[in-house]
Amino acid sequence: MKNVYVIYGENFEAVNDYEKEITRNYVKEVDEFNRVKINMNDHTLETLVYECRSSGLFGNEKVVVAENCNFLLAKPKKLKVEHNVDVLTKYLENINDEVILILKNSEKIDSRKKIVKQLKEIGEVKEFSNFKEHQLIDYIVKQVGELGLEISKADAQFLVDYTQLDLANIKKELEKLVLYCGEIGRISKKDIELLCTRSLDYDVFSLTNELFGKNYKKLREVYNSLVLKREEPIFLLSLISGQLRLYYKVKVFLNEHYSQKEIAKELGIHPYRVQLAAQMVSHYDLEKIMRSMIIAADYDKLLKSSYMDKYLILDLFINKLIDGLE
């Protein structure tokens, strides 16, 4: 293991996970004496180095975590405390081998800084960007596996689509699912539908899928639930339009004999979404899908300019889409 780690990035949930992983790999039993956290917004580098020079109370191994390492940024924010970077530089020249120092920040650090270059030479510097969709799915499968349960990639994808949550909130949903499914040992689609909160995006996704699948009874159920939630009609129409554009793009690529994997790469989305879209558009020609997009554009103008009840206009729009796809 390294003695110094710099971990940063917008995916701060992953940053925190990596910090915990480093700590677990070094300290057998983590407690308040062998893991010390210091907020660098409130404390100086002198305090940080002092902790690094001190051993743990009941052993020599210790992890020191410095949070909000503002001094590593290109333009450090003004704080109540001043950071004398030379103090850290001198420590890095003669580090305590029994202490692991972890420097954390949620923003991008400046790799041109002398201190950052020094940190790279002796330690590990790692950036955590926000997960792309396929990375989030792999993360879910891995996390569930580490907790002794199973979830298929398809069901992990469904969890992402169904909830439309970020990593931090996905983890909260997983906690519920793991607790509920612990005895069964497997998380299924039914469990996700039972325990997790359905997102607006998923409702719109379902609505367009039922529309293209000609399951009009189910379409009405989804539509009525959206109306009951009093979702803004203009916003709903914009989401539906976005889904229609996705269908159109997928159909264009399919007509050009692209594989679903190639389409996913071109559009920057998960192959599972392409697979579902391909199923929906398989029985429709490009002209009909284009017509549905034109209908959406017309009703968008009507919603924004008419004095009619907006939910009535949205209802007319759904009926017009049904007629246009017949």
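The values are calculated or read from the model by the stated rules, or taken from the named source; none is laboratory data. The structure displayed is predicted, hence computed values, not measured ones. Backbone-built Cβ (ideal geometry, glycine too); neighbour counts: all protein chains shown. Surface accessibility is based on the protein's heavy atoms, side chains included, excluding ligands, DNA and RNA. Shrake-Rupley method; radii C 1.70, N 1.55, O 1.52, S 1.80 Å.
Tabulated results
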quantity	calculated
Single residue of the range 53-100 satisfying the filter (among the basic types (Lys, Arg) and open to solvent by 50 Å² or more (accessible area, probe 1.4 Å)) that is nearest to LYS20 (Cα to Cα)	ARG53
Positions within the range 124-140 being in a helix (DSSP H, G or I) and of a type in the set (Ser, Thr, Tyr), in sequence order	TYR139
Flag if LYS176 is under 21 Å from ARG198 (Cα atoms) and free of Cβ contacts under 8 Å to residues at least 12 places away in the same chain	no
Complete set of residues in the range 78-89 that are in contact (Cβ under 8 Å) with a residue 24 or more places away in the chain and in a helix (DSSP H, G or I)	VAL85, VAL87, LEU88, THR89
Matching residues in the range 105-121 - criterion: being more than 14 Å from TYR8 (Cβ to Cβ) and either part of a loop (DSSP other than H, G, I, E, B) or of a type in the set (Lys, Arg) (or both)	ARG112, LYS114, LYS117
Hey, ASP203 open to solvent by less than 50 Å² (accessible area, probe 1.4 Å), under 29 Å from TYR248 (Cα atoms) and charged (D, E, K, R) or not	yes
Pairs, first touching a residue at least 24 places away in the same chain (Cβ under 8 Å) in the range 18-29, second surrounded by 12 or more Cβ atoms within 10 Å (Cβ to Cβ) and polar (S, T, N, Q), C-beta under 8 Å, six or more apart	VAL27/ASN34
The one condition in (1) among the aliphatic types (A, V, I, L, M); (2) under 19 Å from GLY123 (Cβ atoms); (3) under 30 Å from the mean Cα position of the chain (by Cα) that VAL30 fails to fulfil	(2)
When residues of the range 124-141 are limited to those that are of a type in the set (D, E, K, R) and open to solvent by less than 60 Å² (accessible area, probe 1.4 Å), the one farthest from TYR272 (Cα to Cα)	GLU124
All positions within the range 142-176 that are in a helix (DSSP H, G or I) and surrounded by fewer than 17 Cβ atoms within 10 Å (Cβ to Cβ)	LYS142, GLY145, GLU146, LYS153, ALA154, ALA168, ASN169, LYS171, LYS172, GLU175, LYS176
Matching helices (runs of 4 or more DSSP H) fully within the range 218-319 where at least 2 residues are out of contact with any His (no Cβ under 9 Å at 6 or more places or on another chain) and of a type in the set (Ser, Thr, Tyr)	233-255, 286-305
Checking LEU302 against (1) closer than 17 Å to TYR247 by Cβ; (2) surrounded by 13 or more Cβ atoms within 10 Å (Cβ to Cβ), the condition it does not meet	(1)
Hits in the range 177-200 - residues which are surrounded by fewer than 14 Cβ atoms within 10 Å (Cβ to Cβ) and either of a type in the set (Val, Ile, Thr) or under 19 Å from the mean Cα position of the chain (by Cα) (or both)	ILE184, THR197
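Matching residues to (1) in contact with a Phe, Trp or Tyr (Cβ under 9 Å, 6 or more places away or on another chain); (2) of a type in the set (Ser, Thr, Tyr):
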{"residue": "MET40", "(1), (2)": "yes, no"}
{"residue": "THR47", "(1), (2)": "no, yes"}
{"residue": "HIS83", "(1), (2)": "yes, no"}
{"residue": "ILE95", "(1), (2)": "no, no"}
{"residue": "ASP110", "(1), (2)": "no, no"}
{"residue": "VAL116", "(1), (2)": "no, no"}
{"residue": "GLU121", "(1), (2)": "no, no"}
